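The values are calculated or read from the model by the stated rules, or taken from the named source; none is laboratory data. Treat the numbers as computed from the prediction; the structure is a model and nothing was measured. Because the Cβ atoms are built from the backbone with ideal geometry, glycine has one as well, and the counts that use them run over all protein chains shown. Surface accessibility is based on the protein's heavy atoms, side chains included, excluding ligands, DNA and RNA. Shrake-Rupley method; radii C 1.70, N 1.55, O 1.52, S 1.80 Å.
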Amino acid sequence: MVTASTFSDKPPSETPFKGLEVRCLQRRLLLETLAKEVPNGTIRFSSKVVSIDESEGHFKRLHLADGTILKTKVLIGCDGVNSVVAKWLGLQKPAFAGRSAVRGNAHFKSGHGFEPKFKQLVGKVGRLGFLPCDDENVFWFFTWIPATKEEGMEEDPIKLKQFVANELKDASDEMKSIIENTSLECIISSPLRYRKPLELLLWGNISKGNVCVAGDALHPMTPDLGQGACSAMEDGVILSRCLGEALLKPGVEDDDEEYKRIEMGLKKYGRERRWRSFDLVTTAFMVGFVLRNDGKMIRYLRDKFLLGFIAGLLLRKAGFD
């Protein structure tokens, strides 16, 4: 992992992985691979949840935007940062972190030739980072504090690409080539939002009855650790374990007993994920704050002492069993 700053004359800080494996996966390929593991028809795509009601005993009824009504024994809300399920549980709307991010995938038909290193550049306006996914594709991001004049730019990939290119006019040819080799359909942008850490740690409902949340619906975080989708997969592993332990035990006599077991399984899942979610959301926010803070004292400490520490912190947070 290589970190450099345009504010400092110090050479880039390089942190070895020390036995840890860091990989960059394209989300589309990951989703396609996971979807192939379940029978056809199991997954309903483009199904937006509008509301939830409890009119049928222990079952929950989901009302979808297309008019479909689904009855479910267990409801796991993985419906993103604007989760309807999280709202039903009483969780607050995620807060704006004060920054926006552009993400892209650069494709080099003849190969990019980059080393398998995560590199980032902290500049006056924003922070750029990139990491090869394979021999031909490179994932990159650019975060910045948006100004009023940039409103509406997030829906226009042409303006986004030009904006990032302008901000990197003094960057290395390596970084410039990544932006140049990114097609417009591979560029997205969004404001960065996060769940307030104390809500996660103290009073927020991760589950209630036979309903829970996971992924961005549970712990939306800024992307400064690169652990958003990774922690969602952690959620899935622990959730399946907790539900499996609850449902596979012999002796379920009736619906009330089964509901109680589901409820206890989801409560156990919530207890296991609460601290980890708090830790990731808090650390990601603080890393982003330090890397983007323009105050003289913070900038001095960051460029002189903290870049290497932050790089190591990213690796340690990823090394979760």
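Of the residues Val22, Val81, which is of a type in the set (Val, Ile, Thr), part of a loop (DSSP other than H, G, I, E, B), modelled with pLDDT under 85 and within 27 Å of Pro197 (Cα to Cα)?
Values: Val81 fails: modelled with pLDDT under 85.
Just a single option satisfies the conditions, and that option is Val22.
Just one of Lys117, Lys159 is among the basic types (Lys, Arg), in contact (Cβ under 8 Å) with a residue 60 or more places away in the chain and open to solvent by 10 Å² or more (accessible area, probe 1.4 Å); which is it?
Lys117
For His219, work out the one condition from (1) outside any loop (DSSP other than H, G, I, E, B); (2) open to solvent by less than 30 Å² (accessible area, probe 1.4 Å) it doesn't fulfil.
The number of the failed condition is (1).
If you scan segment 274-285, which residues turn out to be closer than 17 Å to Ile76 by Cα and within 15 Å of the chain's Cα centre (by Cα)?
Within segment 274-285, Ser277 is the sole residue that qualifies.
Take the residues in segment 291-321 that are modelled with pLDDT of 75 or more and not aromatic (Phe, Trp, Tyr); name whichever of them is farthest from Thr222 (Cα to Cα).
Going residue by residue through segment 291-321, those that are modelled with pLDDT of 75 or more are 316-321.
Among the residues that remain, those that are also not aromatic (Phe, Trp, Tyr) are: 316-319, 321.
Values: Arg316: 17, Lys317: 14, Ala318: 15, Gly319: 18, Asp321: 22 Å.
So the residue we want is Asp321.
Residue by residue through segment 120-139, note down the ones that are more than 19 Å from Asp224 (Cβ to Cβ) and open to solvent by 30 Å² or more (accessible area, probe 1.4 Å).
Once the filter is applied, which keeps residues that are more than 19 Å from Asp224 (Cβ to Cβ) and open to solvent by 30 Å² or more (accessible area, probe 1.4 Å), segment 120-139 yields Cys133, Asp134, Asp135, Glu136.
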